[in-house]
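For reference, the structure is listed below as structure tokens.
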Amino acid sequence: MRRSDAFLATSREDRGEVREDVRLAVRAGLVRQYGSGLYGFAPTGERVRRKVIDVVAAAMDAIGGQRVSLPQLNYRDRWDESGRWGSFEGEMFALENRDGADMCLAPSHEEGVVHLVDGHVRSYDDLPLLLYQVESKHRDDHARNGLLRTKEFTMKDAYSLHATESGLRETYDRVRGAYERIFDALGLDVAICDADNSIMGGSASEEFVAPVHDGSCALVSFTNADCRFGVTDEHPEFGAYRREDGDGIEECPTCGGALAATDGVEVGHVFQLGTRYADAMDLAVDDGDGESQAVEMGSYGIGVTRVLQTLLAQHADADGCRWPVTDAGTVAPYDVAVVPLSYDGDVRAAADRVHDELETAGVDVLLFDDADQTIGERFAESDLLGVPTKVVLGNHYVDTGEVELETRDGDTRYRDLDTAVAELRD
């Protein structure tokens, strides 16, 4: 992508946002507010959102998930069957259509999945099933904290169906492990906390909560590759893990490491629903002995738009966005920025070559070809966007023929043009 063709929508204005991570998302041209609780994604933000979705979808596919797309607009009858029509405490968008029928914008899709499989799943041989979607959700929530609490948001929601409780537990553990791999691939630190099932119902649930400076709950946690213990202030035992000075207790009960007290943001949630929906909506299968068996269900969510803002909360610095680079890659809008000292002559030809060869190889590359920008402005915009690697064609290139490969963190190495392109292409 050439800077002269891109709609980057970067800005020096904060547009009145209170939270630092939301101000950054606006200044970097990721999102634009459309009113209380409503945000639109500009091309740069949509690139990040799509990359987060790709990571999530790949992990779900890898454990046997099958992707579906269910209608956001639902009739009331299925929600009356489940008993949840009035359970969302005013957060459900409900309406009456032109024929006088009650409808809603579905805040979750347990009812929708039951409707999808009803009549098709008849025997225990048809199970287990793991179905997921990545779609918009709508909740008439009190909008706050930017993308963390909005009225419309992107969510990956998955649902598993089983003939036995042991089968549910097995898939629950498999999805739980996939979530850990997802957040590792994204470079997002998370703790796993016991949680309340609330209006979802069922027997057990856990939250994946990211430690941040300014979040939506209080969190005490220890997070590394071997231990993700955490407890939030929504848990009855929270006080046992937090000292009067506000810090965590000395030792993690799981690994013995020192606990840290921070704020937290819930980015994922997994539920063992049991037969709560099957009992209410009469979803059963033949158990093989001629008896009818209620279907066991699980429900699993990841807030995609929440993940985007939480990555900023954990990793951004004074210069702008910083998107982690992991073994799985990066969700940065561009992998490489080509930054010429001046876009003319031999430097222009070299910059065009780097851009064209990387783009052909499938690398997301941004070429700063806008003549109205100074070299300083190009560097600043690249850092604001959080591009992990810059290819700098400056005085060093003019003198030696070597480009500078500079990371977002400021580490620099020098390569001739062919080697640089080969390294970045791989």
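The values are calculated or read from the model by the stated rules, or taken from the named source; none is laboratory data. The shown structure was predicted, so the numbers you read here are calculated from the model rather than taken from an experiment. Glycine gets a Cβ as well: all are built from the backbone with ideal geometry, and neighbour counts include every protein chain shown. Remember, those area values only see protein heavy atoms, side chains included, never the ligands or the DNA or RNA. Shrake-Rupley method; radii C 1.70, N 1.55, O 1.52, S 1.80 Å.
Quick notes on this one:
- Helix-only arithmetic for the chain: the sum of -39500 (n - 2.57) across DSSP H runs with n ≥ 4, divided by the residue total, places the mean residue ellipticity at 222 nm at -9000 deg cm²/dmol.
- From most to least packed by mean Cβ count within 10 Å, the peptides 29-39, 392-402, 293-303 give 293-303, 29-39, 392-402.
- Neighbourhood net charge (12 Å Cβ-Cβ; Lys/Arg +1, Asp/Glu -1) for L70: -1
- Relative packing of 357-365, 266-274, 128-136, which averages over residues the other C-beta atoms within 10 Å, highest first: 266-274, 128-136, 357-365
- Relative contact order [Cα under 8 Å, 6+ residues apart], segment 334-413, whole percent: 35 percent
- Where R425, R174 fall by accessible area, highest first, once all protein chains stay in place (1.4 Å): R425, R174
- Karplus-based coupling profile of segment 403-412, in residue order and whole Hz: 8, 9, 9, 10, 7, 4, 8, x, 6, 10, with θ = phi - 60° in 6.51 cos²θ - 1.76 cosθ + 1.60 and x standing for Gly or Pro.
- Summing +1 for each Lys or Arg and -1 for each Asp or Glu among the other residues whose beta-carbon sits under 12 angstrom from that of G119 gives -2.
- For segment 185-304, carbon and sulfur atoms together expose 42% of the accessible surface, with a 1.4 angstrom probe and every protein chain in place.
- Once you reduce segment 293-334 and segment 58-75 to the center of their Cα atoms, the two points are 18 Å from each other.
- Alpha-carbon gyration tensor eigenvalues x 5, square-rooted, for segment 191-290, Å: 34, 14, 11
- Solvent exposure of the chain, expressed per residue, is 45 Å² of accessible area, with all protein chains present and a 1.4 angstrom probe.
- The Cα center of segment 117-165 and the Cα center of segment 366-426 differ in position by 43 Å.
- Prolate/oblate/rounded call for the chain, Cα gyration tensor, a/c under 1.5 rounded: prolate
- Where R144, R353, R181 fall by accessible area, highest first, once all protein chains stay in place (1.4 Å): R181, R144, R353
- Its Cα centre serving as origin, segment 1-144 has a Cβ charge dipole (Lys and Arg +1, Asp and Glu -1) of approximately 1080 debye.
- Residue-level accessible surface for T10, protein heavy atoms, 1.4 Å, Å²: 40 Å²
- Partners for K137 among lysines (Cα-Cα distance below 27 Å; same-chain residues under 8 apart left out): K51, K151, K156
- Under a 5 Å amide H cut-off, with hydrogens placed 1.01 Å from N, T164 pairs with E296 among residues at least 5 apart or on other chains.
- Put simply, the convex hull of the Cα atoms in segment 301-373 casts, on average, a shadow of 6.9 nm².
- Taken one residue at a time, the phi angles of segment 252-264 give Karplus couplings (6.51, -1.76, 1.60, θ = phi - 60°) of 6, x, 8, 10, x, x, 6, 7, 10, 9, 9, 7, x Hz. Gly and Pro are set to x.
- Summarising the amide proton neighbourhood of F93: residues at separation of 5 or more, or on other chains, whose placed amide H is nearer than 5 Å comprise L105, D140.
- Near the amide H of G386, within less than 5 Å, lie the amide hydrogens of C321, all on another chain or at least 5 residues away, with H placed in the peptide plane.
- Residue by residue, segment 270-282 carries 3J(HN,Hα) couplings of 10, 10, 9, 8, x, 9, 3, 7, 5, 5, 6, 10, 6 Hz when phi is fed to the Karplus relation 6.51 cos²θ - 1.76 cosθ + 1.60 (θ = phi - 60°); x denotes Gly or Pro.
- Positive contributions from Lys and Arg (+1) and negative ones from Asp and Glu (-1), summed over other residues with Cβ under 12 Å from the Cβ of R413, come out at -4.
- Shape category assigned to segment 134-251 from the gyration tensor of Cα positions, a/c cut at 1.5: oblate
- Surface/4 estimate of mean projected area, convex hull on alpha-carbon atoms of segment 363-426, nm²: 4.5 nm²
- Measuring nothing but how far apart in sequence close Cα pairs (under 8 Å, 6+ apart) lie, relative to its length, the chain scores a relative contact order of 15 percent.
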